[in-house]
Amino acid sequence: MFLLQDRSVILTGASHGIGRALAPMLAARGVHLVLNARGAAPLDEAAAECRQAGHGAGVRTVAGDASDASVTERLVAVAMEMGGPAGFFGLIHAAAVFEPGPLLWELEPEKFRDIFAASVFATYQLARFVVPELRARRDGLIVIFGSGAAFKVQAGIAAYGAAKAAEEHLARHVAAEAPEVTTFIFRPGIVDTRLQEQARESTGGASGEIRGLFRSWKEKGMLLAPRDSAARLVEIIEEGPRKYHGQVEESMEARTVGGQDPGS
């Protein structure tokens, strides 16, 4: 039996990229999903795909910014309503904002805030509302999407790298402070998503370097399809994620290119 079968799980970043590919895979395994993204229309499309794949699994959507406490509180409330016999079991935080190309001092303050909101503040808000519920059950699963950018210096993605470093650190603290809840970081590899497209067409003081790097990955056929990265995460959950508690699990592709994996 799949670990999450008949349980409800929050999935952020569900309207595009890896989150969009992951959602129907989970639905097909009987997972009740609360899908979140900022855009309502693509989120509804993702929900329709899940219903088609889901064989009766429940699917609900909550559009909005997960760094907003009211949105996150609503996500948890909906997940608890639809939890099924086994109840609410956790979250997968796949949402991210990239904004590649500008040197740090060129990046507009609003974009800097957006990057940190998607990774750092959303992780904090999710922890606020999710962890107490899971600790009360003395069980659960939290997966935070990380990135090799968290430890690699690369001109043109300074804010994203700093945000991912902070996000990964928060995830480790959740693992340490709530040991009853299995929490780990998943670095998905270099995946052909909107983030990659943004980098290949970026502007700003470091854009020449960024465009060259990201276009080379595409030209060399190094990019994973979102479904491949999503499938790896499903495998980890099937195998038993507890052994990764408090740790980082990378795809093989992330390791072979030195951990550079802004692709979620």
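The values are calculated or read from the model by the stated rules, or taken from the named source; none is laboratory data. Values in this document were obtained by computation on a predicted structure and should not be read as measured data. As a convention, Cβ positions derive from the backbone with ideal geometry for all residues, glycine included, and neighbour counts pool all protein chains shown.
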TODO: Determine whether Ser67 is more than 23 Å from Arg242 (Cα to Cα) and at pLDDT 95 or above.
DONE: yes
TODO: Scan the stretch 49-60 for residues that are at pLDDT 95 or above and either among the small types (Gly, Ala, Ser) or buried (at least 21 other Cβ atoms within 10 Å of the Cβ) (or both) and jot them down.
DONE: Cys50, Val59
Task: Evaluation of Ala14 against (1) of a type in the set (Gly, Ala, Ser); (2) over 27 Å from Arg113 (Cβ atoms); (3) touching a residue at least 60 places away in the same chain (Cβ under 8 Å); (4) in a loop (DSSP other than H, G, I, E, B) (one fails), failing number - done: (2)
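Tell me whether the stretch 166-181 contains one or more residues that are in a helix (DSSP H, G or I), of a type in the set (Asp, Glu), closer than 27 Å to Leu11 by Cβ and in contact with a strand residue (DSSP E or B) (Cβ under 8 Å, 6 or more places away or on another chain).
Of all residues in the stretch 166-181, those in a helix (DSSP H, G or I) come to 166-177.
So of that shortlist, the ones also of a type in the set (Asp, Glu) come out as 167-168, 177.
Filter again for closer than 27 Å to Leu11 by Cβ, leaving 167-168, 177.
Add one more test, that the residue is in contact with a strand residue (DSSP E or B) (Cβ under 8 Å, 6 or more places away or on another chain), and what stays is 167-168.
So far as the stretch 166-181 goes, yes, one or more of its residues are in a helix (DSSP H, G or I), of a type in the set (Asp, Glu), closer than 27 Å to Leu11 by Cβ and in contact with a strand residue (DSSP E or B) (Cβ under 8 Å, 6 or more places away or on another chain).
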- [ ] Determine, yes or no, whether Phe121 is under 19 Å from Ala69 (Cα atoms) and surrounded by fewer than 23 Cβ atoms within 10 Å (Cβ to Cβ).
- [x] yes
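Glu81: at pLDDT below 95, over 23 Å from Arg242 (Cα atoms) and not polar (S, T, N, Q), yes or no? Before the answer, list the steps.
Numbers: at pLDDT below 95: yes; over 23 Å from Arg242 (Cα atoms): yes; not polar (S, T, N, Q): yes.
Against the criterion (at pLDDT below 95, over 23 Å from Arg242 (Cα atoms) and not polar (S, T, N, Q)), Glu81 qualifies.
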Open item on the list: Considering only residues that are out of contact with any helix residue (DSSP H, G or I) (no Cβ under 6 Å at 6 or more places or on another chain) and either at positive phi or surrounded by fewer than 24 Cβ atoms within 10 Å (Cβ to Cβ) (or both), which ones fall in the stretch 10-48?
Closed with: Arg29, Gly30, Arg38, Gly39, Ala40, Ala41, Pro42, Leu43, Asp44, Glu45, Ala47, Ala48
TODO: Could you list, in sequence order, all residues of the stretch 129-156 that are in a loop (DSSP other than H, G, I, E, B), farther than 23 Å from Ala230 by Cβ and touching a residue at least 40 places away in the same chain (Cβ under 8 Å)?
DONE: Arg138, Asp139, Phe151, Lys152, Gln154, Ala155, Gly156
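Name the single residue that is modelled with the highest pLDDT among those in the stretch 237-264 being in a helix (DSSP H, G or I) and among the β-branched types (Val, Ile, Thr). Walk me through it before giving the result.
Taking the stretch 237-264 as the starting set, the residues that turn out to be in a helix (DSSP H, G or I) are 237-239, 241-244, 252-256.
Filter again for among the β-branched types (Val, Ile, Thr), leaving 237, 256.
Working: Ile237: 96, Thr256: 42.
By that ranking, first place goes to Ile237.
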Task: Hits in the stretch 182-206 (condition: in a helix (DSSP H, G or I) and of a type in the set (Asp, Glu)) - done: Glu197
Task: Sole exception among (1) touching a strand residue (DSSP E or B) at 6+ places or on another chain (Cβ under 9 Å); (2) surrounded by fewer than 18 Cβ atoms within 10 Å (Cβ to Cβ) for Ala127, by number - done: (2)
- [ ] Give the residues of the stretch 87-128 that are part of a helix (DSSP H, G or I), touching a residue at least 60 places away in the same chain (Cβ under 8 Å) and not acidic (Asp, Glu), sorted by residue number.
- [x] Ala122, Leu126
Task: Hits in the stretch 185-225 (condition: surrounded by 23 or more Cβ atoms within 10 Å (Cβ to Cβ) and within 26 Å of Tyr124 (Cα to Cα)) - done: Ile185, Phe186, Arg187, Pro188, Gly189, Ile190, Val191, Thr193, Leu195
Task: Conditions (1) closer than 19 Å to Val191 by Cα; (2) touching a helix residue (DSSP H, G or I) at 6+ places or on another chain (Cβ under 7 Å); (3) not acidic (Asp, Glu); number of the one not met by Thr72 - done: (1)
Task: Neighbours by Cβ (under 9 Å, 6+ apart or cross-chain): first from the stretch 64-81, part of a helix (DSSP H, G or I); second of a type in the set (Lys, Arg) - done: Ala69/Arg128; Thr72/Arg128; Glu73/Arg128; Val78/Arg60; Ala79/Arg60; Glu81/Arg60
